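K.L.:
First the structure, then my questions, so here it is.
No value in this document is a laboratory result; all are computed from the given coordinates. It should be emphasised that the depicted structure is a prediction, and the values quoted were computed from it without experimental measurement. Because the Cβ atoms are built from the backbone with ideal geometry, glycine has one as well, and the counts that use them run over all protein chains shown.
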Amino acid sequence: MLRPATLSDIPLIHEMAHRVWWAHYPGIITNEQIEYMLGRTYSVAALEQQMIQDGQQFWIVEEGGTALGYLAISNQSDGAYFLHKFYLDAGQQRKGLGARTFQSLLHQFPDLQALRLTVNRQNFKSINFYFKMGFVIEKCLDIPIGEGFVMNDFQMLWQK
């Protein structure tokens, strides 16, 4: 279900990100912010930097050889990780794939004791999913990201 992504998967991640983001984020953030964030986070150069220099481990969610989503995680300190990305194709949601993927991710990191992530405060579907997985809201964050855009997020925490 989860396979480690390599540099050769960057075009696939780029394509999936555009498809998933345009299906999910309109109505949560502006189209201009979607375009800005996709360009900033999912260009080939940005993905290479995240994989090589920033230490993010990317994973492809697959079933039957078909890519259905992707995620990225990094180790922050002993047993503490940060989930940078967790995205599934819209057509795959509400079928239990997210929960299975989350459990599979936990099995990949047996030393994981705490997992943090950020999620837009208006992203109710994702927030509710994370609640179901056992996350709690740790704090509110307002993070300027450039070009006048701000990420209005919750930082959420899952603990073993």
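K.L.:
Considering only segment 77-103, state which residues are exposed (fewer than 14 other Cβ atoms within 10 Å of the Cβ), within 16 Å of the chain's Cα centre (by Cα) and not aliphatic (A, V, I, L, M).
P.N.:
Answer for segment 77-103, where residues must be exposed (fewer than 14 other Cβ atoms within 10 Å of the Cβ), within 16 Å of the chain's Cα centre (by Cα) and not aliphatic (A, V, I, L, M): just Gln103.
K.L.:
Quick one: would you say Ser126 is without any contact (Cβ under 8 Å) to a residue 60 or more places away in the chain, hydroxyl-bearing (Ser, Thr, Tyr) and surrounded by 12 or more Cβ atoms within 10 Å (Cβ to Cβ)?
P.N.:
Yes.
K.L.:
Hey, another quick one. For residues that are over 16 Å from the mean Cα position of the chain (by Cα) and of a type in the set (A, V, I, L, M), scanning just segment 30-50, find the one that is surrounded by the fewest Cβ atoms within 10 Å (Cβ to Cβ).
P.N.:
Ala45
K.L.:
Can you pull out the residues in segment 6-29 that are buried (at least 16 other Cβ atoms within 10 Å of the Cβ), of a type outside the set (Asp, Glu), within 12 Å of Ala67 (Cα to Cα) and more than 14 Å from the chain's Cα centre (by Cα)?
P.N.:
Within segment 6-29, no residue meets the criteria.
K.L.:
State all residues of segment 1-46 that are closer than 22 Å to Gly91 by Cα, of a type in the set (Gly, Ala, Ser) and part of a helix (DSSP H, G or I); if no residue qualifies, say none.
P.N.:
Ala17, Ala23, listed by residue number.
K.L.:
In addition: So if I check each of Asp89, Asp153, Asp78, Asp111, which one is within 15 Å of Met1 (Cβ to Cβ) and touching a residue at least 24 places away in the same chain (Cβ under 8 Å)?
P.N.:
It is Asp89.
K.L.:
For segment 55-75, name all the residues that are among the hydrophobic types (A, V, I, L, M, F, W, C), over 20 Å from Leu112 (Cα atoms) and in contact (Cβ under 8 Å) with a residue 60 or more places away in the chain.
P.N.:
none
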